[in-house]
Amino acid sequence: MSLPKITAFIGENVSQKNKNEFSSIIKNVKKVKENEEPYGIFLVLDLYKNQMYFQLDKKLSQNSVHEYYYFGNNAAAAAQCYLTREVGSIKYLLSSVFGDLYQMLVKYDMEKSELASLLKSLEDKKFIYLGEKKGKGELNLSKFSIVEEGKVNEIKLDEKKNIDIDGKRCNPEAFVRLFIEDENKNNKFVLVVPKVILENEDEIVLSKHSDYLEIVKKINNLGVYDKEDDDKKEKKVCYICKKEKSDVSSEYTKNFDRTGINKIFTTTTVNSSQCFKKYKQANNYYICSECYQKLLSGEKTVSKEFKSRIAGEDVFIVPEALLEKFNYNALNILKEDVDLAFKSDDAKTWVETINMMQDVDNIGLYTISFVFYRTDGNSVTVLETIEDVPTLRFENVMEILADCTENLEPHIKKMSLGSIYGLVPVKVNKNKEQIDIGRVLSLYKAILSGEQVNADVLYSYGVEALEKGLKQLGKAKVDNYFNLGITRYLGYEDFFIKRIIFGYIVLLKTCQELNILDREVFEKCKEEGEILNEINTSSDKINSSIMQIEGFLDEQGFSNDAKALFYLGILVNRVAMAQIQKEHKTKPILKKIQFQGMNEKDSYRLYQDTIEKLRQYDKMTLFAEAVMNRFHYYFGALDKEWSLNDQANVFYIMAGYSYMVGNKSPDLSKEEIEAQNQTIEEENEDLE
């Protein structure tokens, strides 16, 4: 994957409404609420009246950002010379914009231009002070009409450029409303454009002035490549188009959006090259002006059309065709399908929907790349990249997830790629940043890219999720691990346990089916007739119940050690059901589970403690004895070689426990059945 090349290709091929030479740098304004109407206003520097004021323009349309050339705020430490601003950023117009604009005109040899002369005239009339260097210019706030008319005494900006009126802080919109009589709070002033009224009452909208547009082009390197002058200058090879040109430079990268996709893969160092002739091609992202403009346009499109959030983090989802001839305008369909796969909680529904859709021909000829990142508005940090995932691979993963989920019904209802985020415990810091999201993203990368997954790591994630989740459920208020969806299970901890355990069984099975698990965890099903030879109690009901459990274990391919612990988990659940009655909704037996890990001896001690509790609660029934029989049958001798690690032991104990959640044990008392039915009904009502 070469994201710069993909971004440039998108910029070249995606059509944009109102496309012109400035389209690549024009920004969109923040959207207002549905019940609000956006309006544009003028900041009027009126030489005829010798005062300044705000004036209502008109209701904004989609074309307004193009009409008034809205470029946002200048990046980083750059000169704040853009004239059209959002009202929330009006502080720049009230301070250094006009001075910075003049300094840029001087820098690019335009100090004798009509616009420069106009700015000097405004300074002579004491509307502005241009200053002698960047950041030193300012607007003469005493020229505002409300000061001259005595409505307020003083307007000034504090050290942080907040507006103070007569010693009181005033937000930008309230400041504007002092000039425009409009009491309708649903009318929002969004865009502000400087306008000059001359002594003869002629009006000049500064952002439309030809000199202003020319300086913007120079600042952003939007000039046309002069091919005739090419032979007179030194040439370098463009990183993107691989052509030798004289306008190739790494300086273009300074103008990229600090939070955009281009900034992720750029560098400004100019001291390395893999070529024999260093001047021919640098390894530091040299680009020509033409490709630079494509990158700007592509960056804008990617931010608008291919940006999403997955696992609580920002991500660029970028489709790429494997063939040269394709239409990037249709690729947002692919992005939306991928986005939906992570947001949907049901892989089966997604697969069925995709199979019915024929939006993109030859879907197998595309790949998807993911770039997970964070930004503070000033810089970008890449968290993870997942490159070149074939769409066929993506569909295959979803189909296997759907099949594995269906095979475990009714123990788990739905699962999709997005569900995996809800299985891995992710802690947040005091700023609500996810501090260990990397393991979720690494898991996604392994699944989608075909990298190996360690089964023991999944076991450890599973039991850690149980430990962290149950601790949170025991608190008065959930204060961390929000991705686990813990708040939905307040009062229903058993159903939380079941969702986590069976979610991981689906995940383990999916990884095994994808051939990325480091070893085979689930065995092939046994032949019919190989089970239940030792089960022959005096109760057909008990025999049927045990047969159903055995059938489940064989169908899922559990090993003998896993089966033994599974039966232990069933016994633990049986004690827990008795304790619901005895201990008034608490289950002390769960406190005996060491979620950090239990070896086989610890597991056997748990078995002994569980048997003691069964006797204590008078629950040593025929069913309990049958389960004990199966435990001993699979557990074997204590000194035998054990196949599972400590976390896997806990996992399979809780798997047996989870299996009985929502299922009726054949020896439940009438009171226990009533209590369980009530819990299930409440759970279905609250969690649906």
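The values are calculated or read from the model by the stated rules, or taken from the named source; none is laboratory data. A quick note: this is a predicted structure, and the numbers were derived from the prediction, not measured. With ideal geometry, Cβ positions are generated from the backbone for all residues, glycine too; neighbour counts draw on all protein chains shown. Heavy atoms of the whole protein, side chains included, go into the accessibility calculation; ligands, DNA and RNA do not. Shrake-Rupley method; radii C 1.70, N 1.55, O 1.52, S 1.80 Å.
Give me the residue from the range 113-125 that is among the hydrophobic types (A, V, I, L, M, F, W, C) and closer than 16 Å to residue 48 by Cα and, out of that set, surrounded by the fewest Cβ atoms within 10 Å (Cβ to Cβ). If we take residues in the range 113-125 being among the hydrophobic types (A, V, I, L, M, F, W, C) and closer than 16 Å to residue 48 by Cα, then 118 is surrounded by the fewest Cβ atoms within 10 Å (Cβ to Cβ). Suppose the filter is assigned to a loop (DSSP other than H, G, I, E, B), open to solvent by less than 30 Å² (accessible area, probe 1.4 Å) and either closer than 30 Å to residue 506 by Cα or at pLDDT 95 or above (or both); does residue 598 pass it? Considered against the rule, which asks whether it is assigned to a loop (DSSP other than H, G, I, E, B), open to solvent by less than 30 Å² (accessible area, probe 1.4 Å) and either closer than 30 Å to residue 506 by Cα or at pLDDT 95 or above (or both), residue 598 comes out as yes. Given the condition out of contact with any Ser or Thr (no Cβ under 8 Å at 6 or more places or on another chain), among the charged types (D, E, K, R), open to solvent by less than 70 Å² (accessible area, probe 1.4 Å) and closer than 30 Å to residue 148 by Cα, answer yes or no: does some residue in the range 29-45 qualify? No, the range 29-45 has no match at all. State whether the residues of the range 37-57 include one that is in a loop (DSSP other than H, G, I, E, B) and under 30 Å from residue 331 (Cα atoms). Looking for residues that are in a loop (DSSP other than H, G, I, E, B) and under 30 Å from residue 331 (Cα atoms), one finds none in the range 37-57, hence no. Filtered by the rule that a residue be open to solvent by 30 Å² or more (accessible area, probe 1.4 Å), assigned to a helix (DSSP H, G or I) and either farther than 22 Å from residue 520 by Cα or of a type outside the set (Gly, Ala, Ser) (or both), the range 454-469 gives 456, 457, 461, 464, 468. Considering only residues in the range 370-410 that are of a type in the set (Gly, Ala, Ser) and at pLDDT below 90, the one that is most open to solvent (accessible area, probe 1.4 Å) turns out to be 379. When residue 445 is tested against (1) open to solvent by 20 Å² or more (accessible area, probe 1.4 Å); (2) more than 26 Å from residue 395 (Cβ to Cβ); (3) not small (Gly, Ala, Ser), exactly one condition is not met: (2). Here residue 198 passes the criteria (1) more than 21 Å from residue 70 (Cβ to Cβ); (2) at pLDDT 90 or above; (3) open to solvent by 60 Å² or more (accessible area, probe 1.4 Å) except the one numbered (3). For first residues located in the range 339-351 and touching a residue at least 12 places away in the same chain (Cβ under 8 Å) and farther than 16 Å from residue 448 by Cβ, partners that are open to solvent by 70 Å² or more (accessible area, probe 1.4 Å) and not in a helix (DSSP H, G or I) and lie 6+ apart or on another chain with Cβ distances below 7 Å form the pairs 345/414; 346/414. When each of 333, 363 is tested for being at pLDDT below 70, open to solvent by 20 Å² or more (accessible area, probe 1.4 Å) and β-branched (Val, Ile, Thr), the lone residue that passes is 363. Check whether at least one residue in the range 503-512 is in contact with a Phe, Trp or Tyr (Cβ under 7 Å, 6 or more places away or on another chain), open to solvent by less than 20 Å² (accessible area, probe 1.4 Å) and more than 20 Å from residue 451 (Cβ to Cβ), and report yes or no. Within the range 503-512, none of the residues are in contact with a Phe, Trp or Tyr (Cβ under 7 Å, 6 or more places away or on another chain), open to solvent by less than 20 Å² (accessible area, probe 1.4 Å) and more than 20 Å from residue 451 (Cβ to Cβ).
Residues of the range 85-110 that are more than 17 Å from residue 208 (Cα to Cα) and charged (D, E, K, R): 91, 100, 107, 109.
Does the range 541-589 hold any residues that are of a type in the set (D, E, K, R) and farther than 30 Å from residue 490 by Cβ, and which are they? Of everything in the range 541-589, those that are of a type in the set (D, E, K, R) and farther than 30 Å from residue 490 by Cβ turn out to be 541, 550, 554, 555, 561, 563. Scoring residue 191 on the criteria (1) more than 36 Å from the chain's Cα centre (by Cα); (2) part of a strand (DSSP E or B); (3) surrounded by 15 or more Cβ atoms within 10 Å (Cβ to Cβ) leaves a single failure, condition (1). Contact map, the range 312-336: first residue more than 30 Å from residue 483 (Cα to Cα) and in a strand (DSSP E or B), second residue open to solvent by less than 50 Å² (accessible area, probe 1.4 Å) and modelled with pLDDT of 70 or more, Cβ cut-off under 6 Å, separation 6 or more or different chains; pairs are 320/6; 320/367; 321/366. Taking the conditions exactly as written (at pLDDT 90 or above and out of contact with any helix residue (DSSP H, G or I) (no Cβ under 9 Å at 6 or more places or on another chain)), does residue 64 satisfy them or not? Answer is yes for this residue. When residue 25 is tested against (1) open to solvent by less than 40 Å² (accessible area, probe 1.4 Å); (2) under 16 Å from residue 220 (Cβ atoms); (3) at pLDDT 90 or above; (4) not small (Gly, Ala, Ser), exactly one condition is not met: (3). Reported count of residues in the range 442-476, each being without any contact (Cβ under 8 Å) to a residue 60 or more places away in the chain and closer than 17 Å to residue 652 by Cα, is 4.
Out of the residues in the range 290-313 meeting the condition of being of a type in the set (Ser, Thr, Tyr) and farther than 19 Å from residue 333 by Cβ, tell me which one is surrounded by the fewest Cβ atoms within 10 Å (Cβ to Cβ). My answer is 297. Of the set (1) over 18 Å from residue 510 (Cβ atoms); (2) part of a strand (DSSP E or B), all apply to residue 386 but (1). Candidates in the range 513-522 are the residues that are farther than 20 Å from residue 650 by Cβ and open to solvent by 10 Å² or more (accessible area, probe 1.4 Å); of these, the one that is nearest to the chain's Cα centre (by Cα) is 514. Quickly run through the range 384-416 and pick out the residues that are among the basic types (Lys, Arg), within 24 Å of the chain's Cα centre (by Cα) and within 12 Å of residue 503 (Cα to Cα). If the condition is that a residue be among the basic types (Lys, Arg), within 24 Å of the chain's Cα centre (by Cα) and within 12 Å of residue 503 (Cα to Cα), then 414 is the only one that fits. The residues on offer are 488, 439, and the sole one that is part of a helix (DSSP H, G or I), free of Cβ contacts under 8 Å to residues at least 40 places away in the same chain and either out of contact with any Pro (no Cβ under 7 Å at 6 or more places or on another chain) or of a type in the set (Ser, Thr, Tyr) (or both) is 439.
Of all residues in the range 669-679, none satisfies being modelled with pLDDT of 80 or more, open to solvent by 20 Å² or more (accessible area, probe 1.4 Å) and not small (Gly, Ala, Ser). Taking only pairs six or more apart or across chains, which ones have beta-carbon atoms under 9 Å, a first residue in the range 214-227 that is outside any loop (DSSP other than H, G, I, E, B) and open to solvent by 50 Å² or more (accessible area, probe 1.4 Å), and a second residue that is polar (S, T, N, Q) and at pLDDT 65 or above? Partner pairs satisfying both residue conditions: 214/113. For the range 629-658, a residue qualifies if it is of a type in the set (S, T, N, Q), open to solvent by less than 60 Å² (accessible area, probe 1.4 Å) and not in a helix (DSSP H, G or I), and exactly one does: 645. Taking (1) free of Cβ contacts under 8 Å to residues at least 60 places away in the same chain; (2) under 19 Å from residue 218 (Cα atoms) in turn, residue 96 satisfies each apart from (2).
Evaluating residue 682 against the criteria (1) modelled with pLDDT under 90; (2) farther than 16 Å from residue 545 by Cβ; (3) open to solvent by less than 30 Å² (accessible area, probe 1.4 Å) leaves one unmet condition, (3).
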